[in-house]
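**Q** The structure under discussion is supplied below as structure tokens; questions concerning it will follow.
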Protein chains: 2
Amino acid sequence: MKEFGPLYAYIEKLHPLNEEVKERIVKSFVFKRISKNEFLLQEGEVCKFNYFILKGSLRLYKIDPKGEELIRYFALENKFVSNLTSFITGLPSEEFIQANEKTELLYIPKAVFLELVENLPAINRVYRNMLEKAYITSQKRIYQFQGLNAVDRLRWLLEEYPGILSRIPNRLVASYLGITPYTLSRIKSEL
Amino acid sequence: MKEFGPLYAYIEKLHPLNEEVKERIVKSFVFKRISKNEFLLQEGEVCKFNYFILKGSLRLYKIDPKGEELIRYFALENKFVSNLTSFITGLPSEEFIQANEKTELLYIPKAVFLELVENLPAINRVYRNMLEKAYITSQKRIYQFQGLNAVDRLRWLLEEYPGILSRIPNRLVASYLGITPYTLSRIKSEL
DNA sequence: CGAAAATTTGACATGACTCAACTGGAGTGG
DNA sequence: CCACTCCAGTTGAGTCATGTCAAATTTTCG
């Protein structure tokens with residue numbers, strides 16, 4: 001089960017793991033390979049899984065009334081991701097989760113995950129950390145939109161996600177930044 | 001203890017209350033009256049309380065490098081509020097919490113609150129609901145910044161907080177919307 | 001290799017900002 | 001009760017950042 005290395009490493013940064021716990025983890029998560037543009041979640045569906053990304057990347061977005069894709073989050077390697085709102089409440093998602101590139105991940109069904117959260121302190125810690133990080137990330141992003149112009153947002157992005165421009169289509173990055181692809185193209189030269 | 005009516009009502013929407021639990025609540029929260037512009041939390045302090053607003057309103061904001069006040073949230077009557085990030089992590093706050101007007105509130109120390117969260121299902125439900133709402137609100141706000149222009153943001157605000165313009169100084173509302181007071185003044189006529 | 005999509009670039013339009021001047025109301029002291 | 005001051009809010013003129021649309025260029029991928 002060599003795929004589990006990155007997941008163990010992730011968890012061990014939060015809480016120590018022993019062999020017994022590792023075994024339960026191996027039994028609970030499922031490996032999956034998806035291709036570029038494949039969906040993990042569509043608008044209107046309930047998010048029933050939690051995903052850990054091994055390789056590749058996903059984006060979370062919603063379609064606005066004009067039909068534009070508004071990207072809220074890029075999830076890269078070694079991140080847990082799901083639509084937390086739908087995952088928590090059991091209500092239909094307003095967002096899509098889609099692969100930007102060929103992606104490998106481990107996923108765990110909600111019921112299994114919640115059971116581990118109850119019974120394994122390590123996973124309880126993981127969940128709490130997910131919620132806290134999700135919240136803190138959201139707040140940073142609000143301030144970024146509220147306080148920064150296009151150039152500074154790009155600078156900020158490049159610190160958070162170095163090399164993202166050579167990896168993710170710039171039209172998607174532009175959406176994430178809340179600017180047009182034309183503007184992104186222009187400000188890249190001012191970097 | 002007639003001050004507790006609104007708090008009971010708030011909790012009872014989430015979980016039923018009996019007399020015994022109400023008593024514990026009365027013993028745990030403290031009533032406080034603060035005047036306009038008074039601070040509940042300053043940048044650099046650790047947020048050690050959770051507040052429930054009975055009357056009046058607060059704002060949560062941070063000061064950006066240019067010295068501008070960036071308002072992230074207005075908290076009105078019948079809302080719980082605190083700097084969740086600092087409250088949860090115990091790290092110093094990057095934000096201020098300040099009264100917009102004369103305000104009456106109930107506050108509870110973190111340790112007492114967490115003890116109630118552990119022991120009273122009603123308060124456990126309250127905490128979970130706070131976290132979920134805080135997260136969901138953040139996401140809505142991200143999409144609002146990403147997808148809406150100044151006029152549409154104002155429309156959105158007036159749905160969320162009807163009558164806010166006659167209650168909170170427009171210069172603060174402008175900051176919340178991420179626009180200048182000049183622009184706010186102009187777009188109000190287009191409403 | 002060739003078609004389709006992504007990116008870049010130019011010309012122009014426009015939404016929002018800046019700065020300064022003006023208006024009006026709230027509070028204060030005589 | 002008036003006059004004065006002090007902010008908050010409004011308004012006008014000019015500027016700047018970003019958007020729009022079309023065309024040229026490059027990249028991607030079947």
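**Q** Residues in region A:148-174 near a label at B:Glu43, defined as backbone nitrogen under 16 Å from the 7 Å Cα→Cβ point?
**A** A:148
**Q** Which of these, A:Asn83, A:Asn119, A:Asn170, has the largest mean-square fluctuation under a Gaussian network model of chain A (Cα springs below 10 Å)?
**A** The residue with the greatest mean-square fluctuation here is A:Asn119.
**Q** On to the next question. Could you compute the net charge surrounding A:Arg72? Neighbours are other residues with a C-beta less than 15 Å from the C-beta of A:Arg72; K and R count +1, D and E count -1.
**A** Net of charged neighbours comes to +2.
**Q** Oh, and also: Could you work out, residue by residue across A:140-149, how many beta carbons of other chains sit within 10 Å of that residue's beta carbon, and then give the average as an integer?
**A** Mean shielding count: 6.
**Q** At 7 Å along the Cα-to-beta-carbon direction for both B:Lys2 and B:Arg155, put a label point, then send me their distance in nm to one decimal.
**A** Between B:Lys2 and B:Arg155, the simple spin-label model gives 4.3 nm.
**Q** Over 30 Å between C-alpha atoms is what I'm after, so list which of A:Lys140/B:Lys48; B:Lys55/B:Lys188; A:Lys48/B:Lys27; A:Lys66/B:Lys102; A:Lys188/B:Lys188 land there.
**A** Table pairs above 30 Å Cα-Cα are A:Lys48/B:Lys27; A:Lys66/B:Lys102; A:Lys188/B:Lys188.
**Q** When the Kirkwood hydrodynamic radius is evaluated over all pairs of different C-alpha atoms of the protein assembly as shown, what value in angstrom, to one decimal, is obtained?
**A** 22.7 Å
**Q** Calculate the length of the line joining the C-alpha centroid of region A:9-37 to that of region B:93-158, in whole Å.
**A** Their Cα centres are 33 Å away from one another.
**Q** Which far-off residues, 5 or more places away or on another chain, put their amide H under 5 Å from the one on B:Glu77, with H placed in the peptide plane?
**A** The list, which skips near neighbours in sequence, is B:Gly56.
**Q** Give me the net charge for the shell around B:Phe31: Cβ to Cβ below 13 angstrom, other residues only, Lys and Arg +1, Asp and Glu -1. Don't skip to the answer; put the middle values down first.
**A** Working: positive: B:Lys2, B:Lys27, B:Lys32, B:Arg33, B:Lys55; negative: B:Glu3, B:Glu104.
So the surrounding residues net to +3.
**Q** Please list 3J(HN,Hα) in residue order for region A:109-117, calculated via the Karplus relation 6.51 cos²θ - 1.76 cosθ + 1.60 where θ = phi - 60°; whole Hz, with x for glycine and proline.
**A** Karplus values, whole Hz, x for Gly and Pro: x, 3, 4, 5, 4, 5, 5, 5, 4.
**Q** Please list the non-local residues whose amide H lies under 5 Å from the amide H of B:Arg72, H modeled 1.01 Å from N, same-chain partners needing a gap of 5 or more.
**A** Here the answer is B:Leu60, B:Tyr61, B:Lys62, since their amide H atoms fall under 5 Å of that of B:Arg72.
**Q** Sequence neighbours fewer than 8 away in the same chain don't count; with that in mind, list the aspartates and glutamates whose C-alpha is under 16 Å from B:Lys79.
**A** B:Glu3, B:Glu12, B:Glu101, B:Glu104, B:Glu132, B:Glu160
**Q** Could I ask something else about it? How would you order B:42-52, B:108-118, A:50-60, A:12-22 from highest to lowest mean count of nearby Cβ atoms within 10 Å?
**A** My ranking of the peptides, most packed first, is A:50-60, B:42-52, B:108-118, A:12-22.
**Q** In a Gaussian network model over chain B where Cα atoms closer than 10 Å are linked, find which of B:Ile88, B:Ile123, B:Ile25 has the largest mean-square fluctuation.
**A** Sorting by GNM fluctuation, first place goes to B:Ile88.
**Q** Something else: Which whole-Hz couplings ³J(HN,Hα) result when phi for each residue of region B:60-76 is put into the Karplus expression 6.51 cos²θ - 1.76 cosθ + 1.60, θ = phi - 60°, listed in order with x for Gly and Pro?
**A** So the Karplus estimates, Gly and Pro as x, are 10, 8, 10, 9, 7, x, 7, x, 7, 7, 9, 8, 8, 7, 9, 10, 9 Hz.
**Q** Here's another thing I want to ask about it. Stokes-Einstein diffusion coefficient for chain A at 25 °C in a medium of 0.890 mPa s, Rh from the Kirkwood formula over Cα pairs: what value in µm²/s?
**A** In µm²/s, the coefficient is 139.
**Q** Additional query: Charges at C-beta only: +1 for Lys and Arg, -1 for Asp and Glu. How large is the resulting dipole of region B:79-191 about its Cα centre, in Debye rounded to 20?
**A** That gives a dipole near 280 debye.
**Q** How crowded by other chains is B:132-138, given as the mean number of beta carbons from other chains within 10 Å of each beta carbon?
**A** 5
**Q** Under a Cβ-only charge scheme (Lys and Arg +1, Asp and Glu -1), can you give me the dipole magnitude of the protein assembly as shown about the Cα centre, in debye to the nearest 20?
**A** 500 debye
**Q** Using only C-alpha atoms and all pairs of different ones, pull out the Kirkwood radius for region B:148-191 in Å with one decimal.
**A** 10.1 Å
**Q** At q = 0.17, 0.32 Å⁻¹, what log₁₀ I(q)/I(0) does region A:59-101 have when each alpha carbon counts as one equal point scatterer in the Debye sum?
**A** Listed by q, the Debye log ratios stand at -0.51, -1.17.
**Q** Another question about this same structure. Percent relative contact order of chain A, based on C-alpha pairs within less than 8 angstrom and at least six residues apart?
**A** Relative contact order, chain A: 23 percent.
**Q** Equivalent-ellipsoid semi-axes (√(5λ), Cα gyration tensor) for region B:1-61, whole Å, largest first?
**A** Equivalent ellipsoid of region B:1-61: 26, 13, 11 Å, largest first.
**Q** A:Pro16 label points, 7 Å along Cα→Cβ, one per copy: pairwise distances from this copy to the rest in nm, shortest first?
**A** Its label point is 4.6 nm from the equivalent points in the other copies.
**Q** Taking H placed 1.01 Å from N in the peptide plane, check which residues at least 5 places from B:Glu94 or on another chain put their amide H under 5 Å from its amide H.
**A** So B:Glu94 has HN proximity to B:Gly44.
**Q** Moving on. Hey, got the dipole for chain A? About the Cα centre, +1 on K and R Cβ, -1 on D and E Cβ, debye to the nearest 20?
**A** My answer is approximately 340 debye.
No lab work stands behind these numbers, since they all come straight from the coordinates. In this text, all values refer to a predicted model and were calculated from it rather than measured experimentally. Ideal geometry is used to build each Cβ from the backbone, glycine not excepted, and the neighbour counts take in all protein chains shown.
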